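Any read-out appearing in this document is the output of simple, stated calculations on the displayed coordinates, not a laboratory observation. Please read all numbers here as calculations on a predicted model, not as lab measurements. Cβ placement follows ideal geometry from the backbone for every residue including glycine, while neighbour counts extend to all protein chains displayed.
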Amino acid sequence: MADQHLSPLEMRLAELSAFIDVPAAPPLASAVADRLRAEAGLRPSWRWPLPSVGRGTALAVAATLLLVSAVAAIGIALGGLRLIFNPESLPPLPSIPNQPGIGQQTTLDAARSSVGFVLRVPTVSALGEPDQVYVMEPPAGGAVTLVYGARPGYPLQPDRMYGLVLTQFRADIQAENFEKLIMEGVRITHTNVHGLPAYWVAGGEHFFFYRDATGQIVNTTLRLVGDTLIWEEDGVTHRVEGAPSLQAAIAVAESLEPAPSGE
Amino acid sequence: MYGWQEVEGRPLTDAELIEAARGGDVSAYEELVRRYQDLAYRTAFLVVRDAEEARDAAQEGFLSAHRALGRFRVGADFRPWLLRIVANAARNRRRSATRRAALALRAGRDPASGDAAPSPEAALLAAEQRATLMAAINSLREDDQLVIGLRWFAELGEAEMAEVLGRPRGTVKSRLSRAMARLREVLERLEEDLSDG
């Protein structure tokens, strides 16, 4: 921290650091190791009481697994996202590129400028630039959908017209909740993206809509047909659809970088 | 249980420990946690401002990082990668927290005990200046407090702050610059008020 170029204020802050009242770190190493050994079915080395780490996440996953077989539509929350399980049949909907429900087609640069969050794009080399970009508002802050055609490793499937779709929208706004309807037979895998809780929703039909502040469904037109990775980061919910595997979806997710300015 | 700390008289590198942990050796990962638990906890505390939440966030971060070890890029720096995961866990808790405590000064004597003892008057003046600076920091908006805290109280560099905040490095640099300007302004006002009073 010693730096001969520090300003007087910076020197005062550096000096203040030693006086800040931060509690001493607890013995995390043994607690983490015991948790890992317990998860691996090994005997813990010794006894630090496990705190409530991941309690919410664990409950959400447990609830997810239980609710898959529920008779009525029931939801759980993931950040601003809610997963809804509904055993009833849904009418077929056309595929994404023909749907008005994803907004107006625009350019990446215009989308970057128009939304109220940092738009990010995948940097995996196989994808390159998106073929189509859509923006939609509401929700407040906007939603952006990037559509990629067939790419190496991301082939077109018989039931869809794109290789991969990435959607981003603000989802930490309480007035508007996005919801995901999931049919029976969907498999949900708990995973993580850069350490953040994430869900891989695979193996069934599901579609997407959002509610306004009054709870009314205002749009149910966006049909999604690919296996989907969902996670929330910095208040923005992300969905990667159409990746051929969970590993490929995570590779896309963890490659996201802020969209460069086209100026 | 500490067999992973040294080989041939030298501590194992992070990369060696990561490789062993990827192979399922929990003791290797335990050593990694031991190396970074203080920094991870301090970073989490600066985000959530609550001792128990910080402990849970740091532990959750370490567990998440362990699950993600298979995707850690070989040769990359473990510390910023880990800090990003811990900070994500802390930010999730910060978002749902009902309140956060203000940063406070440690009670008791000057921790710089190696220095020659200052006169009572000088010690009192220094304490007053620290209290004023602390008050100025706590009067800033939370985003400014966080970026200043990460820089000066967790002693993170710009690249690590960018990882922790999930923002480009340039954005973090400008945010810190603006936060420092606002702090300077508030501090000058407070000190003028004190001298007038």
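What the table below lists for this structure:
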read-out: Kirkwood-type radius of the stretch B:6-96, with distances r between different C-alpha atoms, in Å; value: 13.4 Å
read-out: Karplus 3J(HN,Hα) series, Hz, for the stretch B:46-52 with 6.51 cos²θ - 1.76 cosθ + 1.60 (x for Gly, Pro); value: 5, 7, 9, 6, 8, 4, 5
read-out: Separation of alpha-carbon centers, the stretch B:118-197 and the stretch B:20-96, rounded to whole Å; value: 26 Å
read-out: Nonlocal amide H pairs with A:N192, under 5 Å, H built at 1.01 Å; value: A:A198
read-out: Estimated distance in nm for a label pair at B:D143 and B:Q129, the labels positioned 7 Å out from Cα along Cα-to-Cβ; value: 3.1 nm
read-out: Relative contact order of the stretch B:120-196, defined on C-alpha pairs under 8 angstrom at six or more residues apart (%); value: 35 percent
read-out: ³J(HN,Hα), Karplus 6.51/-1.76/1.60, whole Hz, each residue of the stretch B:178-192, x for Gly, Pro; value: 5, 5, 5, 5, 5, 5, 4, 5, 5, 5, 4, 5, 4, 6, 5
read-out: Spacing of the two label points (7 Å from each Cα toward its C-beta) at A:L246 and B:E192, in nm; value: 6.0 nm
read-out: The stretch A:11-29 residues near the modelled B:R184 label - backbone nitrogen below 17 Å, point 7 Å along Cα→Cβ; value: A:11-14
